[in-house]
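These notes concern the structure reproduced below.
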Amino acid sequence: MSSNSLFYLIFTILIAEFLIETLMDYLNAKKFKEPIPSELSDVYDAEAYTKSQTYKQTNYKFGLITSTFSLVLTLCFLGFGGFEWVDRLVRSYTDHPIPMALLFFGIIMLGSDIITTPFSYYQTFVIEERYGFNKSTRKLFFLDKLKGWGMLAILGGGILSVVIWFFQLAGTSFWLYAWGLIAVFTIFMNLFYSRLIVPLFNKQTPLEEGGLKEKIQGYAHTVGFELKNVYVIDGSKRSTKSNAYFSGFGKEKRVTLYDTLINDLEEEEIVAVLAHEVGHYKRKHIVVNLSASIALTGLTLFVLSLFINNPAVSMSIGVSIPSFHAALIGFGILYSPISQLTGLAMNYISRKFEYQADNYAKNTFEASPLISSLKKLSRNSLSNLTPHPAYVFMHYSHPPLINRVRNLKA
């Protein structure tokens, strides 16, 4: 296929993906005002339900604006030779493939983030603030931006540099070496993310002694789950929304509870949430997800190796001189429909895993505190209780609340 054909195919993919996403958002928004299922009638009172409705409508309209802006920006950048301009700019400074790629991606990603920062600023300090969620300060917001850029430059730039080096050494066989590198990095980050990365953004402290810790340790002992690391993270410095997550495995496994979760839920409900997270571990979901992620990375890199030397892939984004970094951009867009399909499959599996973790919590602890905790978390985040099935299929990694409640009551 010629570079011109690929150029128009890229335009078609970008527009098609936008139209599909817009249709999904529209269908979901049409369901906002549907009656709440009887099993969830106690989630919202009248005032909170009205607030939830307006919050969802506000986010829907704002999302339409941001996605439209993003599409127009991308199409204009592509159509008016933006990639060619950046490529020529970096070639005026260096002709070495690695520095060229780092500068190329650095300019594009930094420029894109700067342009879209007003949208994320508005989302945080206007929309989230209006509905009582935002606790971040402007200083913290921009500090997070700087830290994110630094991490992307060090980690992303480092991996990209090594991948290009592999390509220079091994040609199209580079994908095997790159796959090995990314697999090791993925496992390392899964093990040590909470210890190395989270402290850059949040403070983590061991859960203090008391009734909650005793109940957590008592439950863990009952199910034969060795748990020494239970931490509390200061999520309240940014938002009132609650969360809990499990990370690592072996001696590095730990459970992290947001301080907002501890404030919002009763102790029995927190233990139920923990039981759900233990269920993920016991059912090997973490290992399966990690293995699937590594396998999909290998597939992507293998397919990339088949096209990376094709000049038409580089030229499909409008650059005149083929290169690894230009081909990577073109391939990324052309491969996105396949990524969408694999994403759908991963979401489907994830929803199945959530049911299994819920069942584990029900069987080893109790269903009622988990149900009440899920309802409270939904209420506190003004969640949508009536999502459209197509939207759930496309985007949800967790089943809707009503499905989880019915499953837990079965």
Whole-percent carbon and sulfur contribution to the accessible surface of region 248-297 (1.4 Å, no ligands, DNA or RNA) stands at 53 percent
I need the phi-derived Karplus couplings for region 82-93: 6.51 cos²θ - 1.76 cosθ + 1.60, θ = phi - 60°, integer Hz, Gly and Pro marked x.
x, 5, 5, 5, 5, 4, 5, 4, 5, 5, 6, 9
Helix 157-170 sits off the longest principal axis of the Cα atoms of the chain, rounded to the nearest 10 on a 0 to 90 degree scale, by 50 degrees
Full extension from Leu181 to Leu89: what is 0.36 nm times the residue separation minus their Cα-Cα distance, to one decimal in nm?
30.1 nm
If R₀ is 30 angstrom, what is the calculated FRET efficiency for the pair Lys30 and Thr137, using the beta carbon separation as r and rounding to 0.05?
0.20
For region 284-383, what is the accessible area per residue in Å², given a 1.4 Å probe and the full set of protein chains?
41 Å²
Lys, Arg +1 and Asp, Glu -1 on Cβ, resulting dipole of region 146-232 about Cα centre, debye, nearest 20
140 debye
Express in Å², to the nearest 10, the accessible area of Ser239 obtained by rolling a 1.4 Å probe over the protein heavy atoms while all chains stay in place.
30 Å²
If you line up the long axis of helix 174-196 against the longest principal axis of the chain, both from Cα atoms, how many degrees apart are they, to the nearest 10?
30 degrees
For Glu269, what is the net charge nearby, where nearby means another residue's Cβ is under 12 Å from its Cβ and Lys, Arg count +1, Asp, Glu -1?
-2
Can you give me the % of accessible surface on region 327-410 that is carbon or sulfur? Probe 1.4 Å, all protein chains present, nothing else counted.
60 percent
Convert each backbone phi in region 398-407 into a coupling constant with the Karplus relation 6.51 cos²θ - 1.76 cosθ + 1.60 (shift: θ = phi - 60°), then list the ³J(HN,Hα) values in order as whole Hz, x for Gly and Pro.
10, x, x, 4, 4, 5, 5, 5, 4, 5
So for R0 = 45 Å, FRET eff. of Phe201-Asn4 from the Cβ-Cβ r, to 0.05, ends up at 0.50
What nm distance separates the two modelled labels at Tyr122 and Val223, each placed 7 Å from Cα along Cα→Cβ?
4.3 nm
Could you give the accessible area per residue of region 1-67, probe 1.4 Å, as a whole number in Å²?
59 Å²
On the accessible surface of region 35-104, probed at 1.4 Å with all protein chains in place, carbon and sulfur together account for a percent value of 66 percent
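What does the net charge come to around Tyr231 if you take all other residues with beta carbon closer than 12 Å to its beta carbon, with K and R at +1 and D and E at -1?
It works out to a net charge of +3.
Dividing the alpha-carbon Rg of the chain by 2.2 N^0.38 Å yields what?
In units of the 2.2 N^0.38 Å rule of thumb, it is 1.08.
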Förster radius 45 Å - calculated FRET efficiency between Asn309 and Arg283, Cβ distance, rounded to 0.05
0.60
Heavy-atom accessible area of Tyr60, protein chains in place, probe 1.4 angstrom, given in Å² to nearest 10, is 60 Å²
Considering only Phe393, Phe142, Phe302, give the residue with the highest GNM mean-square fluctuation for the chain, with springs between Cα atoms whenever their separation is below 10 Å.
Phe142
Give me the Kirkwood hydrodynamic radius of region 116-233 in Å, from all C-alpha pairs, to one decimal place?
18.4 Å
Residue by residue, what Karplus-based ³J(HN,Hα) values in Hz, rounded to whole numbers, does region 318-333 have, using 6.51, -1.76 and 1.60 with θ = phi - 60° and x for Gly and Pro?
x, 7, 8, 10, x, 7, 5, 5, 5, 5, 5, 5, x, 4, x, 6
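Is the shape of region 19-59 rounded, prolate or oblate, going by the alpha carbon gyration tensor and its root eigenvalues a ≥ b ≥ c, with a/c under 1.5 for rounded and a/b larger than b/c for prolate?
Judged from the Cα gyration tensor, region 19-59 comes out oblate (a/c at least 1.5, b/c at or above a/b).
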Measure nothing but the geometry: give the 0 to 90° angle between the long axis through the Cα atoms of 267-282 and the longest principal axis through the Cα atoms of the chain, rounded to 10°.
50 degrees
Once a ≥ b ≥ c are taken as the square roots of the eigenvalues of the Cα gyration tensor of region 63-139, is the result rounded (a/c under 1.5), prolate (a/b larger than b/c) or oblate (a/b not larger than b/c)?
oblate
In nm, give the distance between the simple-model label positions of Phe249 and Ile15, each being 7 Å from the Cα along the Cα-to-Cβ direction.
4.5 nm
Extended-chain gain in nm, criterion 0.36 nm per residue less alpha-carbon gap, Ala410 and Leu296
37.6 nm
To the nearest Å², the heavy-atom accessible area per residue of region 111-262 with 1.4 Å probe amounts to 53 Å²
Cross-link candidates for Lys228: which aspartates and glutamates have Cα within less than 14 Å, leaving aside residues fewer than 8 places away along the same chain?
Glu208, Glu209, Glu214, Glu252
Could you tally the net charge around Ala244, taking each other residue with its Cβ under 12 Å from the Cβ of Ala244, Lys/Arg +1 and Asp/Glu -1?
-2
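The values are calculated or read from the model by the stated rules, or taken from the named source; none is laboratory data. Remember, predicted model here, so these are calculated numbers, not experimental data. For neighbour counting, all protein chains shown are included, and Cβ atoms are generated from backbone atoms with ideal geometry for every residue, glycine included. Accessible surface areas use protein heavy atoms only, side chains included; no ligands, DNA or RNA. Shrake-Rupley method; radii C 1.70, N 1.55, O 1.52, S 1.80 Å.
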